[in-house]
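Just so it is clear, none of the values below were taken in a lab; they were calculated from the coordinates. A quick note: this is a predicted structure, and the numbers were derived from the prediction, not measured. Note that we place each Cβ from the backbone using ideal geometry, even for glycine, and neighbour counts take in every protein chain shown.
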Amino acid sequence: MITNPAEIYFKDGLWGHDGTQWRRLNLLWGYYDRWTDRVAVTSTGEENTSAFTTAVPAGYVYVAQSVFGYHSGATAKFALLRLDDNDKRPVLEMTPSLEQYTGIIAKQAITLKEGDRLECQITALASGQSVEISVAGYKMRVDLG
């Protein structure tokens, strides 16, 4: 029976007994609030036009459950959705062409940490046409202090 409050497992955090000793548990995955973001960018005629979601703030992890990219121009030569993590920038979905007024959808959930954001990039849009990214998911607070 645990009765000594000086023991380490009485300190802050969640603790569990693994059958041999008390160990600090990993962070429990949980819902804090809904996350939605929708950003549209007008092309200036550059080769690539990108729309980015707002970056994840400190103290949070976001989970994108639905990511949709869209453009208003004529058929685009290339379209992609990717995680902008300032490092590897993995692609979530891509297509070699995208018809006017159609979209590209990521087929999996993606977890974002502090500073991460999502990007929809469309290639070969004329000036004045728009690129949009829309996301729905949830937020999880990791800084509960």
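Annotations for the structure displayed:
- Projected onto its three principal axes, the C-alpha set of the chain covers 71, 26, 25 Å, listed from the longest axis down.
- Which of 76, 111, 44, positive extreme of dipole for the chain (C-beta unit charges): 111
- Dipole magnitude of the chain about its Cα centre (Cβ charges: Lys, Arg +1; Asp, Glu -1), debye to nearest 20: 280
- Residue order, fewest to most surrounding Cβ atoms within 10 angstrom, among 104, 122, 110: 110, 104, 122
- Nearest-20 debye value, segment 72-145 charge dipole, Cβ charges on Lys, Arg, Asp, Glu: 100
- Of 46, 132, 114, the one that fluctuates the most in a GNM where the chain has Cα springs shorter than 10 Å: 46
- Protection-proxy order for peptides 91-99, 17-25, each taking the mean of Cβ atoms within 10 Å per residue, highest first: 91-99, 17-25
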